[in-house]
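A short write-up of the structure that comes next.
Just so you know, all these numbers are worked out from the coordinates, no wet-lab data involved. Predicted, not measured: the structure shown is a model, and the values here were computed from it. Cβ: placed from backbone, ideal geometry, glycine included. Neighbour counts: every protein chain shown.
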Amino acid sequence: MSEVRVRFAPSPTGDPHVGNIRTALFNYLYARHTGGKFIVRIEDTDQVRLKEGSDKAIFDSLRWLGLSWDEGPDKGGDFAPYRQSERLDLYKKHAFELVEKGMAYFCFCSSERLENMRQVQEAAKKAPMYDRKCLSLTSEEIKTKIAAGEPYVIRLKVPRDGMTEFDDLIRGRVVFENNVIDDQVLLKSDGFPTYHLACIIDDHYMKITHVIRAEEWISSTPKHIILYNAFGWEPPKFAHLPMVLAPDRSKLSKRHGATGVKQFAGLGYLPEALVNYLAFLGWAPQDEREIFSLEGLGKEFELERVNKAGAVFDINKLDWYNGYYIRHITTADLAKRVLPFLEKANIKTEYNDYLVETTALIQERMKSLQEAPELLDFFFMEPEYEKELLIPKKSDIETTKKALVKCREVLSELQVWEHDALEAALRKAATDMSLKSGQILWPLRSALTGKSASPGAFEVTLVLGKEACLKRIDKALEKLSA
Ligand code: GLU
């Protein structure tokens, strides 16, 4: 069998949505699994829907997730250009070729006429279909209209009887009655091709072997097959991926919260977590394993194991993966990833040992990088808090003051700045004062962090360092005396 060639063919209409990226991922994985090629092609022929900057957002998202491509607009390749707006002549030439072969025809109908027709059909509860008025134009009439500069489109002449069928690699045999397929516009009056024409010409010339795309495109596939037949080309194999659904089983959209890849990055998700999660949206390996690197997924991924049923996007499961990867990457790596989130929250630091040590203290409890500023801020600036925070539930202001004075003494005198020595000294202090350990450790920890929840008193003390600790204890004592 010839080399597998698959493509991700996004339209640049904004920040790519997780549904699109799941399609990109499955194409990527299939290429890696089969040792084939993964191609990125930008489908920018719908001038109305283009959004500036989307190309960059698409490439950035793919790079962030580690989905590298073998051919594409920035990379080139044997079948360049990979941007449809740079291939317009090719589409035009082929549209005219179909007219010559009698497989397509010029249509001069005005948009008003088409709109009226649509409304009448809709009122009669019929599917909107072009009525083929222009099919009966004589070649003389056509010539005259073109010479007079009348705008036209080119339409595919879809056979009116029979069926168009194909074997979908995921859904099995799919059959469409030809009489429900509209005479699709191939070339628009602005000279741009429609998606259908451009897509199949590119898939053909770029030697795409497998078209793996979302299920919403399945009704386009019979049109594509009719086009392949009209050109006398062999169609590729098709695999239509199950829809990505919201928990209410409607199509996942912005109203369900974050859906853009950049949004997930901004919310502190790790690319490893998103990749691992997205791979399971409609696919599962043969066994129970859930944790896979991108490479591991490439080894495992088979189209035969993709489900037909819609896949529900479950943010809790994504959070679970995120927590897993946060705990399992190295602390040094995590600290690097935390840094931009601290910067964004105006916490001034750089990548250094101190950042790594502080990150280590929150690695187990952090569920998203976005939580880092809230969890770490007190390591980088003096905390702000109310004095009530310092007083444990079963204690009082005087006891708390005494406890903090004692902590100050213990820390000042501590010879070795390490965990066991610190713990022993503080516990001894509590016993000597006939206090419960909480009555001394709570005031200390809250004086250092200004928070009711944080890593433990010993860990925070050790990382913060003697000088900072003494300063914060003094401040706490001042508060209690005010
Ligand atoms: N440009 C289409 C999209 O935006 C591509 C569909 C296909 O893969 O054929 O998803």
Given a Förster distance of 56 Å, the FRET efficiency implied by the Cβ-Cβ spacing of Trp64 and Glu141, rounded to the nearest 0.05, works out to 0.55
Suppose every K and R has +1 on its Cβ and every D and E has -1 on its Cβ; what is the size of the dipole of the chain about the Cα centre, in Debye to the nearest 20?
-> 760 debye
Can you give the helix-only mean residue ellipticity at 222 nm for the chain, where every DSSP H stretch with n ≥ 4 adds -39500 (n - 2.57) and the sum goes over all residues, rounded to the nearest 500 deg cm²/dmol?
-> -14500 deg cm²/dmol
In debye to the nearest 20, the charge dipole size for the range 189-317, taken about the Cα centre with +1 at each Lys and Arg Cβ and -1 at each Asp and Glu Cβ, equals 360 debye
Dipole check, the range 246-349, charges on Cβ (K,R +1; D,E -1), about Cα centroid: among Tyr324, Gly282, Gln263 the Cα furthest to the positive pole belongs to Gln263
Could you name the lysines whose alpha carbon sits less than 16 Å from that of Lys344, not counting residues in the same chain fewer than 8 places away?
-> Lys262, Lys336
Report P(r) for the range 208-339: all Cα-Cα distances, bin width 10 Å, range 0 to the bin holding the largest distance, values in whole percent.
-> 10, 33, 32, 18, 6, 1
Cα coordinate range in the range 1-160, projected on the principal axes (Å, largest first) = 54, 36, 34
With only Lys, Arg, Asp and Glu charged, each at its Cβ (+1 for the first two, -1 for the last two), find how big the charge dipole of the range 355-471 is about the Cα centre; round to the nearest 20 debye.
-> 440 debye
Cα-Cα separations in the range 409-456 greater than 12 Å, expressed as whole percent = 64 percent
Looking at the P(r) of the range 232-288, how many percent of alpha-carbon pairs lie beyond 16 Å?
-> 61 percent
Positive-end residue, the chain charge dipole about Cα centroid, Cβ charges, pick of Leu480, Ala127, Leu90 | Ala127
If one computes P(r) from the Cα atoms of the range 67-185, what percent of pairs lie at distances over 18 Å?
-> 68 percent
Among the aspartates and glutamates, which have Cα under 13 Å from the Cα of Lys479 when same-chain residues fewer than 8 positions away are ignored?
-> Glu384, Glu386, Glu388, Glu398
The chain: angle of helix 221-231 to the longest principal axis, Cα-based, in degrees nearest 10 | 50 degrees
If amide H atoms are built 1.01 Å from N in the plane of the peptide, which residues on other chains or at least 5 residues away come under 5 Å of the amide H of Lys37?
-> Val4, Arg5, Val6
Among Tyr385, Tyr351, rank each residue by its count of other Cβ atoms within 10 Å, from fewest to most, as a rough exposure measure.
-> Tyr351, Tyr385
Which Cys residues of the chain have no other Cys beta carbon under 4.7 Å away?
-> Cys109, Cys199, Cys407, Cys469
Normalised Cα Rg of the chain, dividing by 2.2 N^0.38 Å with N its residue count, works out at 1.39
